[in-house]
Structures are given as structure tokens and as C-alpha cells.
Amino acid sequence: MKSSTLLFAAISLALPLTTLAAESGHHDHHGAAPQKIELNAGKKWATDASLRKGMGAIREQVSAALPAAHEGKLTPEQYEKLGKELNGQVAYIVQNCKLDPKADAQLHVIIGELGQGVDTMEGKQGTERALGVVQAAEALNTYGKYFDHVGWKPVKLPH
């Protein structure tokens, strides 16, 4: 069951964001996901417990991997493992999300950014895999700027 969830997450992250929403059985957004994330009338978007749990776990995983990635010490297998772990957390978030549809649409922008980071970590972008960890960290920092997650701390980037 766990491997099918990871496979679902990996496939979902490879598809456009509008397809992700449709395929996951998630909320119907009646249109494409926004290209640029924005605040909710000047305020951060509300979160739910599953989103906070999943994003917290992703933050821990990315923060732990970032120093080794920056120093060039992660192996391809470690990048693959990190990508699978992040995909698992994204699948958990998508399956358990109970956000307002507008907040959910904003979240999908961040999920897309995380997916791009995972693709880079997994060697699918033709660039240095360490950049995928940085992309994921940047997506997490965007999440913290736009979503109300009590106690959220940005991921410290090496530069």
C-alpha cells in the first residue's frame, strides 16, 4: 500500500497542477491553479493539522539534507530516498487536506515547486541534484510566508 501511495505521489507531481487536483480526487478548483502565489486579502492562508504535519516533516527532511547536499556529500541513492520521502509527505497532505478551495489552489503552487525540486533531486532535470534540495527549501520558505503555520521557521539556505 505504501509503495502505491509513493507511486501516486510521484506520478501526480510530474503532471501539471490542474491535473494533480483532478487526479487526486482533491478539491475542484474550477480552473487552472494560479501561476503566482498570493496572500488572502493581505493575510496568510489558514492551514489544517494534516498540512502542518506534512509540511513540518518535509521541512525536517530538507533541513537535515541541505548541509550535506551543499557540501556535495549526498549520493544519488540518498537523493532518491529524500525524493521518495518528500513525495510520501506530499501524498499525505493531498489525501488529508481540508483547506478552503482558494487556499488549496495556493497550496498547489507550493506543491508544484516541491515537485520540481524532487525531480531535480532525482536527476530528471539535467542539473545538479543539490539544486533540488535548495528548490525544496525555497518552496518551504514560500509556504511559511503565505500560510499560517504557528511556530514555522524558515529553512536556512547556505548562501
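Among the residues of region 9-28, is there at least one that is of a type in the set (Ser, Thr, Tyr) and modelled with pLDDT of 95 or more? Before you say what the answer is, go through the steps one by one.
Start the filter on region 9-28 by keeping residues that are of a type in the set (Ser, Thr, Tyr), which leaves 12, 18-19, 24.
So of that shortlist, the ones also modelled with pLDDT of 95 or more come out as none.
The answer is no; no qualifying residue exists.
Does Thr120 meet the test of being farther than 25 Å from Leu39 by Cα and within 15 Å of the chain's Cα centre (by Cα)? Give the steps one after another, and end with the answer.
Numbers: farther than 25 Å from Leu39 by Cα: yes; within 15 Å of the chain's Cα centre (by Cα): yes.
In short, yes.
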Wholly within region 51-153, helices (runs of 4 or more DSSP H) carrying at least 3 residues that are open to solvent by less than 80 Å² (accessible area, probe 1.4 Å), closer than 28 Å to Ala41 by Cβ and free of Cβ contacts under 8 Å to residues at least 40 places away in the same chain: 130-146
Some residue of region 91-104 being more than 13 Å from the chain's Cα centre (by Cα) and basic (Lys, Arg): yes
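Tally the residues that are charged (D, E, K, R) and in contact with a strand residue (DSSP E or B) (Cβ under 9 Å, 6 or more places away or on another chain), restricting the search to region 112-148. Can you show your working first?
Of all residues in region 112-148, those charged (D, E, K, R) come to 113, 119, 122, 124, 128-129, 138, 145, 148.
Among the residues that remain, those that are also in contact with a strand residue (DSSP E or B) (Cβ under 9 Å, 6 or more places away or on another chain) are: 148.
Residues in region 112-148 being charged (D, E, K, R) and in contact with a strand residue (DSSP E or B) (Cβ under 9 Å, 6 or more places away or on another chain): 1 in total.
The values are calculated or read from the model by the stated rules, or taken from the named source; none is laboratory data. This one's a predicted model, so the numbers in the text were calculated from it and none came from an experiment. We place every Cβ from the backbone using ideal geometry, glycine too, and count neighbours over all the protein chains shown. Only protein heavy atoms, including side chains, enter the accessible area calculation; ligands, DNA and RNA are left aside. Shrake-Rupley method; radii C 1.70, N 1.55, O 1.52, S 1.80 Å.
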